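> One structure follows; several queries about it will come next.
The values are calculated or read from the model by the stated rules, or taken from the named source; none is laboratory data. Everything numeric in this text was worked out from a predicted model, so none of it was measured. Ideal geometry is used to build each Cβ from the backbone, glycine not excepted, and the neighbour counts take in all protein chains shown.
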Amino acid sequence: MNDASSQKQDVEQERIRLLEFQLDYLRAEMLHLTHERYRLVYSVSGHIYQFLRPIEARLADMLAAWRPRKDDAERLVDVSTPVSISDDLPIVAAQAVLPARRLLIDVTGTVKRDAGTGIQRVVKEIVRAFSLDDACSLPVVAVRCENGRLLAANAFVASLSGASTTNPEADPEIEIAPGDRFLMLSDSWNAFELLAPILASVRANGGEIISCIFDLIPELYPGACHEVTVPRYRAWLRRGLIECDAFIAISQTVAEELADYVAQQKLPHRPGLKIGWFPCGADLSAPASAAPRDKIRASVSGAAPAFLMVGTIEPRKGHRVALAAFERLWREGASARFVIVGRRGWYEEAVVAAITSHPEFGRRLFWFDDVEDGELTYLYQNVTALVLPSYAEGFGLPIVEAARHGRQVICSDIPVFREVGRDGAVYFRVNDPDALAAAIQDVLSGRRAGDPARTLQASWREGAQRIVAVIAQEDWLRRLA
């Protein structure tokens, strides 16, 4: 067998292993929910609940039928309905493009609904960096859309530094100028409908429309996503490829994945579509809390080494892999503690039950779903290392955050983690609890050591400057015919 055939076979075997892992995860989730159903059926509360089910179903049908009107005063965005596009949507020829004169960054989604996830953190930190940087080669203005009008998002920017304003004139209306570049940095599920008049004005004035893309996970790993996400993302991406002049990704890996995917799937796109990228920053804006809550302090106090995992509890993050690895370490006599920080996501019932019912929960196993930024900084500063066992990511923000605090990183061996962790992280075979346990043992014994200084060391200011450089200097990674 030649090298090419062997490599292809290895790729196929890894793909099959990943699919088996996803199937095993969903099987565990289904079994847990089945057991919960049986518990309800054969319990007193279950018999009471059976009379409430018809009422619950009727309420669910009523809520599903309700939709806000388009002319509602608040112009609510209906995030439960996927954006749909016609397969024969025409690709309108662009006007003559003028040199970039100004960068308008749309933050509408984050202003309206800040869920505190990674997307919102990127938006807030990049906008904060722009607000503190007077040396940009392009004027940068954060904007938001309200009732079809484009307004400056000055109040939002002020809030990022802890200030507040009730001045009704704080957010004046913005007029589109020739050469404006309009960057949809915030999540933009329904932005093409909401911003349609504004986008048309940008294009009519010789400007360009750019969308930030955080990952391609719903296309590449649909089993890792909530059932609502996949069709919404699919519709958004296909419309974005036609509406946008460019995409800018949060990592080079995602930029390359997008370019390759569009080519492989032969997806319709605007001629000359440009794809670029910028790095996320490592600098957490919040200083370490001087007085973290007792439960936070207790989780990392004492002589036993503590390992931190940061991320929403969802299938692709690898919480089951990490828990299995630490169970092996505890069986072998290790005193290590495992601290999990992250909110509940989706398909997480079985994982949460495994954590909260574990014999070590509250002793050597901890889970916090309400950690503030200052407390997260405190944890970074007081753990031995970060553990990141994801099988799919758009960047890997905890890697750079942990490294900035001088902490070693133990992460799964996937392309984007290699981009971010470089040769400064300790890698293990993805979705392999035994490999993760061995990596942790190696770090504890000194047989292997990561070097935080050799991971990606970008700041949010550098990420913001990269965005401007890509747009102003046309420094795109790929251009599609």
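> Do you know which of the residues in region 200-245 that are out of contact with any helix residue (DSSP H, G or I) (no Cβ under 8 Å at 6 or more places or on another chain) and of a type in the set (A, V, I, L, M) is nearest to E474 (Cα to Cα)?
V202
> Looking at (1) outside any loop (DSSP other than H, G, I, E, B); (2) more than 19 Å from the chain's Cα centre (by Cα); (3) of a type in the set (G, A, S), find the lone condition where S335 falls short.
Of everything listed in (1) outside any loop (DSSP other than H, G, I, E, B); (2) more than 19 Å from the chain's Cα centre (by Cα); (3) of a type in the set (G, A, S), S335 misses just condition (1).
> For region 288-315, how many residues are under 24 Å from I410 (Cα atoms) and loosely packed, with under 15 Cβ neighbours inside 10 Å?
Count: 5.
> Additional query: Taking A350 and the conditions (1) of a type outside the set (D, E); (2) at pLDDT 95 or above; (3) surrounded by 18 or more Cβ atoms within 10 Å (Cβ to Cβ), which numbered condition does it fall short on, given that it satisfies the others?
Only one criterion in (1) of a type outside the set (D, E); (2) at pLDDT 95 or above; (3) surrounded by 18 or more Cβ atoms within 10 Å (Cβ to Cβ) is unmet by A350, namely (2).
> Then there is this: Exactly one condition in (1) touching a residue at least 60 places away in the same chain (Cβ under 8 Å); (2) within 19 Å of R270 (Cα to Cα) is false for S211; which is it?
If we test S211 against (1) touching a residue at least 60 places away in the same chain (Cβ under 8 Å); (2) within 19 Å of R270 (Cα to Cα), just (1) comes out false.
> Is it the case that S137 is modelled with pLDDT of 65 or more, surrounded by fewer than 15 Cβ atoms within 10 Å (Cβ to Cβ) and in a loop (DSSP other than H, G, I, E, B)? Talk me through it step by step, then tell me what you get.
Values: modelled with pLDDT of 65 or more: yes; surrounded by fewer than 15 Cβ atoms within 10 Å (Cβ to Cβ): yes; in a loop (DSSP other than H, G, I, E, B): yes.
The answer is yes for S137.
> Then there's this: Kindly provide the set of residues from region 172-198 that are in a loop (DSSP other than H, G, I, E, B) and of a type in the set (D, E), ordered by number. I'd like the intermediate steps shown before the answer.
Initially, region 172-198 is screened for residues in a loop (DSSP other than H, G, I, E, B), giving 172, 174-179, 185-190, 195.
Matches in region 172-198: E175, D187.
> Which residue, of A191, A224, A204, is touching a Ser or Thr at 6+ places or on another chain (Cβ under 8 Å), in contact (Cβ under 8 Å) with a residue 24 or more places away in the chain and not β-branched (V, I, T)? Before the answer, list the steps.
Values: A224 fails: touching a Ser or Thr at 6+ places or on another chain (Cβ under 8 Å); A204 fails: touching a Ser or Thr at 6+ places or on another chain (Cβ under 8 Å).
Result: A191 is the single residue among A191, A224, A204 that is touching a Ser or Thr at 6+ places or on another chain (Cβ under 8 Å), in contact (Cβ under 8 Å) with a residue 24 or more places away in the chain and not β-branched (V, I, T).
> Sticking with this structure for a sec: Out of all the residues in region 121-144, which are among the polar types (S, T, N, Q) and touching a residue at least 60 places away in the same chain (Cβ under 8 Å)? Steps first, please.
Just the residues of region 121-144 that are among the polar types (S, T, N, Q), to begin with: 131, 137.
S137, the sole residue that qualifies.
> What's the number of the only condition in (1) touching a residue at least 40 places away in the same chain (Cβ under 8 Å); (2) on the phi > 0 side of the Ramachandran plot; (3) in contact with a Ser or Thr (Cβ under 9 Å, 6 or more places away or on another chain) that R422 fails to meet?
Here R422 meets the rest and fails (1).
> When you scan region 199-301 for helices (runs of 4 or more DSSP H) that lie fully inside it, which ones turn up with 1 or more residues that are of a type in the set (V, I, T), outside the structural domain of N382 (by TED's automatic domain parsing) and modelled with pLDDT under 95? Let's see the steps before the verdict.
Details: elements: 217-220, 229-243, 252-265, 294-300.
Where helices (runs of 4 or more DSSP H) fall fully within region 199-301 and carry at least 1 residues being of a type in the set (V, I, T), outside the structural domain of N382 (by TED's automatic domain parsing) and modelled with pLDDT under 95, they are 229-243.
> A further question on this structure: Looking at region 28-44, is at least one residue among the hydrophobic types (A, V, I, L, M, F, W, C), in contact with a helix residue (DSSP H, G or I) (Cβ under 7 Å, 6 or more places away or on another chain) and at pLDDT 70 or above?
yes
> Mind checking whether some residue in region 178-192 is modelled with pLDDT under 95 and basic (K, R)? Spell out the reasoning first.
Filtering region 178-192 down to residues modelled with pLDDT under 95 leaves 185-192.
Going one step further and asking which of them are basic (K, R), we end up with none.
No, region 178-192 has no match at all.
> Shifting gears a bit: Somewhere in region 426-434, is a residue free of Cβ contacts under 8 Å to residues at least 12 places away in the same chain and either acidic (D, E) or not assigned by TED's automatic domain parsing to the domain that holds F247 (or both)? Steps first, please.
Of the residues in region 426-434, the ones free of Cβ contacts under 8 Å to residues at least 12 places away in the same chain are none.
No, region 426-434 contains no residue that is free of Cβ contacts under 8 Å to residues at least 12 places away in the same chain and either acidic (D, E) or not assigned by TED's automatic domain parsing to the domain that holds F247 (or both).
> While we're on this one: If I filter region 361-383 for residues that are free of Cβ contacts under 8 Å to residues at least 24 places away in the same chain, at negative phi and aromatic (F, W, Y), do I get at least one hit?
Yes, some residue in region 361-383 is free of Cβ contacts under 8 Å to residues at least 24 places away in the same chain, at negative phi and aromatic (F, W, Y).
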